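Okay, so here's the structure we're looking at.
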Amino acid sequence: MLPGELPFTSTPISALRVLLGLLITLLLHGIQFVPLILILLLHSIQLLPAMLARSEKAPLVILFFGFTQLFYMIPVILHYKRSNDRSLMIGLIIGATLTFILGLPFAGLGYGLAKRSMNASL
């Protein structure tokens, strides 16, 4: 890069590379489902306390996915930034942002339902 030149100015944005970035984001999110399936499996065979399932903090598991993605998304985004693949980097950022934003209402809905069921059981 020449002095004074902005990064990524010479590379056009490719829609296919952005879609590839979104696909990579989805595949990386699949990593998070392994612990979730394990937790659900342990709960279904009664190895986890029932108190965990009725806790008001249980819906925070959904929000947890939005934050934990930072541990693997930031290094991948930085990798593609260093390799000057702007389109793929944009797709990864869009996918991570959508994951976080779409997780917020589900966490709120889960919190409301958990609170409602706890009040009904009293």
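The values are calculated or read from the model by the stated rules, or taken from the named source; none is laboratory data. Computed from a predicted structure; not experimentally measured. All Cβ positions, glycine included, derive from the backbone under ideal geometry; neighbour counts span all protein chains shown. Protein only, heavy atoms only, side chains kept; ligands, DNA and RNA dropped before computing areas. Shrake-Rupley method; radii C 1.70, N 1.55, O 1.52, S 1.80 Å.
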Exercise. SER14's amide H: which non-local residues (gap 5+, or another chain) put their own amide H closer than 5 Å, with H modeled 1.01 Å from N in plane and none for Pro or chain starts?
Worked result: SER87
Problem set entry | Projected label distance in nm at LEU70 and VAL34, using a 7 Å step from Cα toward the beta-carbon | 2.3
For this session: Please give the contour-minus-distance gain from LEU16 to LEU98: 0.36 nm per residue of separation, less the Cα-Cα distance, rounded to one decimal in nm.
Result: 27.7 nm
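Could you work out the local net charge near ILE90, counting Lys and Arg as +1, Asp and Glu as -1, over the other residues with Cβ closer than 12 Å to its Cβ?
Summing Lys/Arg as +1 and Asp/Glu as -1 gives +2.
Where does the charge balance sit around LEU78 when Lys and Arg score +1, Asp and Glu -1, over other residues with C-beta under 15 Å from its C-beta?
Numbers: positive: LYS81, ARG82, ARG86; negative: ASP85.
Neighbourhood net charge equals +2.
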Problem set entry | Candidate residues PHE100, PHE71: accessible-area rank, largest first, probe 1.4 Å | PHE71, PHE100
Exercise. From the phi of every residue in region 87-101, what ³J(HN,Hα) in whole Hz does the Karplus formula 6.51 cos²θ - 1.76 cosθ + 1.60 yield, where θ is phi - 60° and glycine or proline is x?
Worked result: 4, 5, 4, 4, x, 5, 5, 4, x, 5, 5, 4, 4, 5, 5
